[in-house]
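S.K.: What follows is a single structure, and I will ask about it in a moment.
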Amino acid sequence: MGRAGLAVFSMIILAASARAQDANADLAPVPGSEAAYGTMSAEVPPSTAPVAQTPAAPPPPPPSAPSAQSGVPAASATNAAPGAVGDGDLQPVFSQSEVLTAAENVFGRGAEGLARMIETIFKDLGQPNAYIAGREGGGAIGVGVRYGEGKLYHKVEGEMPIYWRGPSVGFDVGADGSKTFILIYKLYDTEELFRAYPAAEGKAYVIGGLSAQYVQRGDVVIVPIKLGVGWRLGVNAGYLRFSKKKSLLPF
C-alpha cells in the first residue's frame, strides 16, 4: 500500500471516531438517584414486622391447703383402713335384740321379766362382746358348791364349750338347778376368762323370776342371769372360776 492508501485509511478512521463522539453527545446524563433506581434489586427486603407468638401456658396453681371451714379433715397416712379395730372399745359386740333372742332360747320365749332384765343390764353396762348359754346346779346351807356348763359365744372368736364352778358362801337355802345365761363384757381374749372372778359387791338385780349378780376381775365384767327351781335367800359372797374342762373341785 502506498502513501496515498495510508492517507485514505487514516481519514476513514478519523471520520468514524467523529461520528461516535456525536452519537454519545446526544445521550443526556442520568441522575445518580435515577441510576440507582434503575439498578435496584428485585428482591423483597426481609420484613421487620413482629411475628405473633403463642403465649406459653401458665404454670398450674399449687395445691390448696385443706380449708378449716370445709369440715373434712385432711387424709393422713397413719389413718387406719375402713372397718379396722383400733382399740378394745371398738370391738364387735352383740346387740340387745341378739342377746334377748339368745336368752329366750335358754329361758323360753316370754319368760317373766327377761326383757326388762336385759334392758336394765344394757343401760348399766352397754353391749357385751360374749355370752354363755348353759345350766348350773348346786345347793347350800351356809356353805355350798355350784357347778355349771354351757357354750361360750364370743363375737370374734366364735363358739366353744365352757365349764365353771365355785363356792357359795352366804344365806343360800335349798337345792338349785337353774338355767343360766351369762353376759360377758370387755373379754377381748377368751384366755382371760379361765380364772377366778369374785362377786362385785352391791351389784345384784331381781326382776320377775330372774336374778342377776355381777362378778368382775380387772376390766372384764360377768353377769350371770338365773331362773331357778329351788329356793334361794340372801346374796352369795363367792366367786366363779371358769375352765375348759369339767372339774369336781370347787376351788
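The values are calculated or read from the model by the stated rules, or taken from the named source; none is laboratory data. A quick note: this is a predicted structure, and the numbers were derived from the prediction, not measured. A quick note on method: Cβ atoms are made from the backbone with ideal geometry, for glycine too, and the neighbour counts reach across all protein chains shown.
S.K.: Restricting attention to segment 203-234, which residues are modelled with pLDDT of 80 or more, buried (at least 16 other Cβ atoms within 10 Å of the Cβ) and of a type in the set (A, V, I, L, M, F, W, C)?
M.R.: Scanning segment 203-234 gives Ile207, Leu210, Ala212, Val215, Val220, Val221, Ile222, Val223, Ile225.
S.K.: Name the residue that is modelled with the lowest pLDDT, counting only residues in segment 176-195 that are in contact with a strand residue (DSSP E or B) (Cβ under 7 Å, 6 or more places away or on another chain) and either charged (D, E, K, R) or surrounded by fewer than 15 Cβ atoms within 10 Å (Cβ to Cβ) (or both).
M.R.: At the first step, the residues of segment 176-195 found to be in contact with a strand residue (DSSP E or B) (Cβ under 7 Å, 6 or more places away or on another chain) are 176-187, 190, 192-195.
Okay, now just the ones that are also either charged (D, E, K, R) or surrounded by fewer than 15 Cβ atoms within 10 Å (Cβ to Cβ) (or both), so 176-177, 179, 186, 192, 194-195.
Details: Asp176: 49, Gly177: 59, Lys179: 88, Lys186: 96, Glu192: 94, Phe194: 93, Arg195: 89.
Here the answer is Asp176.
S.K.: For segment 109-129, which residues satisfy the criterion of being surrounded by fewer than 16 Cβ atoms within 10 Å (Cβ to Cβ) and closer than 14 Å to Lys226 by Cβ?
M.R.: Glu112
S.K.: Could you pull out the residue among Ala237, Ala200 that is at pLDDT below 90, not charged (D, E, K, R) and not in a strand (DSSP E or B)? Can you show your working first?
M.R.: On the way: Ala200 fails: not in a strand (DSSP E or B).
Only one candidate passes the filter, namely Ala237.
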